[in-house]
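What follows is a set of notes on a single structure, which appears directly below.
The values are calculated or read from the model by the stated rules, or taken from the named source; none is laboratory data. Here the structure is a predicted model, which means the values were calculated and not measured. No Cβ is skipped: glycine too gets one built from the backbone with ideal geometry, and neighbour counts run over all protein chains shown.
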């Protein structure tokens, strides 16, 4: 229900359950439902990302790239608020930004429950096969799914924010990669190897 943007409806349902359990003296079950309600509050507390059309379930997708790899971020917004953030990395393989976005979208939505597919997807760049992908997602969801690019308005600002997060993730993974290369270089020197090995196997023979 959260992924469908039906949080208010869910809250009413849980509150009724809690009262019912309490009246039946099932205090442990009532406490469990109370904790669920608190979980919903924690999900939305300190929420900074609020955009128009709060009744619309939408994902916002953007990427940041260097010459070899791209970081793609998916922000999941339900009832106008951010409930989740997913990150993917993709080898560029001579693909442009639109092609990379489309590849990630195809992979991501192929592996989620139909209820998790939003009715609107905001993307940083126009997809190569925008109409085809929209029709494919609509068929899975059994409801029209719109894929849009926004260059102005509040929605465009949100896309910029997602893009900024993608840049931060790309920077983080590159720093981690550089650190690993330095460690491998040290290991190469210690073991007096001719070059950095790309595969190292270790076997535990204690048994």
Given the conditions (1) surrounded by 12 or more Cβ atoms within 10 Å (Cβ to Cβ); (2) free of Cβ contacts under 8 Å to residues at least 40 places away in the same chain; (3) assigned by TED's automatic domain parsing to the domain that holds residue 156, every one holds for residue 31 apart from (3)
Consider residue 179 against the criteria (1) assigned to a loop (DSSP other than H, G, I, E, B); (2) surrounded by fewer than 14 Cβ atoms within 10 Å (Cβ to Cβ): it satisfies all of them except one. Which criterion is unmet? (1)
Might you check whether a residue that is outside any helix (DSSP H, G or I) and surrounded by 13 or more Cβ atoms within 10 Å (Cβ to Cβ) occurs anywhere in the range 98-117? yes
Specify the residue that is modelled with the lowest pLDDT; the eligible residues are those in the range 145-163 that are touching a strand residue (DSSP E or B) at 6+ places or on another chain (Cβ under 8 Å) and over 24 Å from residue 66 (Cβ atoms). 150
Could you check the range 34-56 and list, in sequence order, the residues that are loosely packed, with under 13 Cβ neighbours inside 10 Å and either at pLDDT 90 or above or at positive phi (or both)? 35, 46, 53
Quick check on my filter: what residues within the range 88-124 are within 25 Å of residue 144 (Cβ to Cβ), in contact with a strand residue (DSSP E or B) (Cβ under 9 Å, 6 or more places away or on another chain) and touching a residue at least 60 places away in the same chain (Cβ under 8 Å)? 116, 118, 119, 120, 121, 122, 123, 124
From the list 63, 95, 86, 14, which one is at pLDDT 90 or above, over 17 Å from the mean Cα position of the chain (by Cα) and assigned by TED's automatic domain parsing to the domain that holds residue 117? 95
When residues of the range 128-154 are filtered for being closer than 17 Å to residue 63 by Cα, part of a loop (DSSP other than H, G, I, E, B) and within 18 Å of the chain's Cα centre (by Cα), how many remain? 0
Just the residues that are in contact with a helix residue (DSSP H, G or I) (Cβ under 7 Å, 6 or more places away or on another chain) and surrounded by 16 or more Cβ atoms within 10 Å (Cβ to Cβ), please, taken from the range 118-134. 122, 123, 124, 125, 127, 133
